[in-house]
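Q: Here it is, the structure, as structure tokens.
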Amino acid sequence: MTLQPKSRALLLAIAAVAAAQVAPVTLMRPTTPDKSPAPDGFIQRWLVLEPIPANGLTDSAVQAIVKKEYFPNQSTVTPHDGDKVIVDLDKLYQQDKDSAEWKSAFIQV
């Protein structure tokens, strides 16, 4: 099959758009027990809870999600790597993640 120049250009443009939509890997599992802040003060070790499903991103939906208590003492408990919580019958885990960048794609958690 031979592609015409216009078809080839369109195919390359579509591939470029698709590649641009893949989130970069910015969060990694730690390889050391501790991680100090970067020299500029950036915190490199994060403890992240796996995503809680949401129904829409309207202001009222987001406010309801933020205000809801998903598990007992969620505002006062001290989480640790590997801790499990039950949210709407789903098991979610706390995970230590390292990041070398000030912006992270939390979608990859």
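Computed from the coordinates by the stated procedures, all read-outs in this text should not be read as laboratory data. Just so we're clear, the structure is a prediction, and the values are computed from it rather than from any experiment. Positions of Cβ are backbone-derived with ideal geometry, glycine not excepted, and every protein chain shown enters the neighbour counts.
Q: Could you give me the ³J(HN,Hα) list for the stretch 29-34, computed from phi with Karplus coefficients 6.51, -1.76, 1.60 and θ = phi - 60°, whole Hz, x at Gly and Pro?
A: 5, x, 10, 9, x, 10
Q: Rounded to the nearest 0.05, what FRET efficiency do residue 73 and residue 45 have when you use their Cβ-Cβ distance and R0 = 25 Å?
A: Values: r = 23 Å, r/R0 = 0.92.
Plugging the Cβ-Cβ distance into 1/(1 + (r/R0)^6) gives 0.60.
Q: Something else about it: Residue by residue, what Karplus-based ³J(HN,Hα) values in Hz, rounded to whole numbers, does the stretch 38-48 have, using 6.51, -1.76 and 1.60 with θ = phi - 60° and x for Gly and Pro?
A: 5, x, 7, x, 5, 7, 9, 10, 10, 10, 10
Q: Within a Cβ distance under 14 Å of residue 45, other residues only, what is the Lys/Arg minus Asp/Glu net charge?
A: Counting the neighbours of residue 45, the net charge comes to -2.
Q: Related question: If r is the Cβ-Cβ distance from residue 35 to residue 94 and R0 is 22 Å, what FRET efficiency results, to the nearest 0.05? Don't jump to the answer; show the numbers that get you there.
A: Details: r = 16 Å, r/R0 = 0.72.
Step by step, r from the Cβ atoms, then E = 0.90.
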